[in-house]
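What follows draws every value from the coordinates through simple rules; no lab data is involved. Predicted model, so just to flag it, every value in this text is computed and none were measured. Here Cβ is always computed from backbone atoms with ideal geometry, including for glycine, and neighbour counts include all displayed protein chains.
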Amino acid sequence: MKAGFWVAPEGDDATMTVMPIGAETPLRARKLNYLATSSAEEMIRRCRQTAELLPRIADALAAQKADQPGHLFDITDFADDDKELITQTLGEGEVAGVAALANGVLAQIQEAVMAGVWRVRFTDANGALLADYVEVASIPAAVRQACAVLPPQIIHGPAPAGAMNVMPVLHEIGDRIGRYKEGDEPHIITFSLFPMSPEDMTFLQQTLGAGPVQLTSRGYGTCRVVATGARHVWSVQFYNAMDTIILDTLEISDIPSVALAAEEDFRDSEMRLREIEEAYFK
């Protein structure tokens, strides 16, 4: 596969390293029907911290707005059984990823099957766990924190030999991020609409650089969302079932909407979580 912003240009089969923090770790799928097993029944009787936490998460979902800061629930010091029961209860939803913070801490992010509920684990450079949270938000605060330190402009030299359209694209990106204000509609640059040479793509990659956030959404197909090294500039790629890019874009926005929980998600997730609490924890 040769096409794509974060894929090596023609003539080089190796994909580009998008982040300096390692490959994304595949996450084991879990099903909510674990709660109906005898093992879970016994665990639920022991794990009262989890039983007390769930209605608090549901209350936070009821109050949460998409454009407001989220609610954090610290489970770092919960017993191992409670943590496992929380993991099994929340399950694993569509969005997962990592955010590298400026202080060297890595946030590992997994959305629950209830959209807008996230499990966020913070680890140090050696992989040791520093903190473990459940967060109710449109996107974990760690994602915004990691991107906040990125420069709000791009700097580049003259176009390389063989370039075709990279300079107009860079000028468009620079103009858009210079004028961007929170709440603005996203601006999309679709590479299929531009005849970009391998030299164009290489220069674009080198100019923008790699950012601190990488997310994957596995809803209807796979979408890969990667922060570049410029604030508000994201690579957003959609793949088909054959793992071939079918839409390759750059998006100028706060956070691409494909990774965000929407207003209605909080209400739906609240109802779903209260149903789980009523069925298994009372």
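Relative to 2.2 N^0.38 Å, what does the C-alpha radius of gyration of segment 85-173 come to as a ratio? Two decimals please.
This ratio for segment 85-173 stands at 1.51.
With an 8 Å cut-off on Cα pairs and a minimum separation of 6 or more residues, tell me the relative contact order of the chain in percent.
22 percent.
Given R₀ = 22 Å, FRET efficiency for Met167-Arg144 by Cβ-Cβ distance, to 0.05?
Efficiency at R0 = 22 Å is approximately 0.10.
Given +1 on the Cβ of Lys and Arg, -1 on the Cβ of Asp and Glu, and no further charges, what dipole in debye does the chain carry about its Cα centre, rounded to the nearest 20?
160 debye
For segment 150-259, take N as its residue count and report Rg(C-alpha) divided by 2.2 N^0.38 Å.
1.05
Dipole size in debye (nearest 20) for segment 165-263 around its Cα centre, Lys and Arg Cβ +1, Asp and Glu Cβ -1?
Roughly 180 debye for segment 165-263.
Defining a contact as two alpha carbons under 8 Å apart and six or more residues distant in sequence, what relative contact order in percent does segment 150-259 show?
Result for segment 150-259 is 29 percent.
Of Val120, Ala100, Met196, which is farthest towards the positive pole of segment 64-202's charge dipole, taken about the Cα centre with +1 and -1 on the beta-carbons of Lys, Arg and Asp, Glu respectively?
Working it through, the farthest residue towards the positive pole turns out to be Met196.
Regarding the chain, what's the average projected area of the Cα-atom convex hull, expressed in nm²?
Mean orientational projected area (the chain, Cα hull): 15.7 nm².
Relative to the longest principal axis of the chain, what angle (0 to 90°, nearest 10) does the C-alpha long axis of helix 48-63 take?
For 48-63 against the chain, the angle is about 50 degrees.
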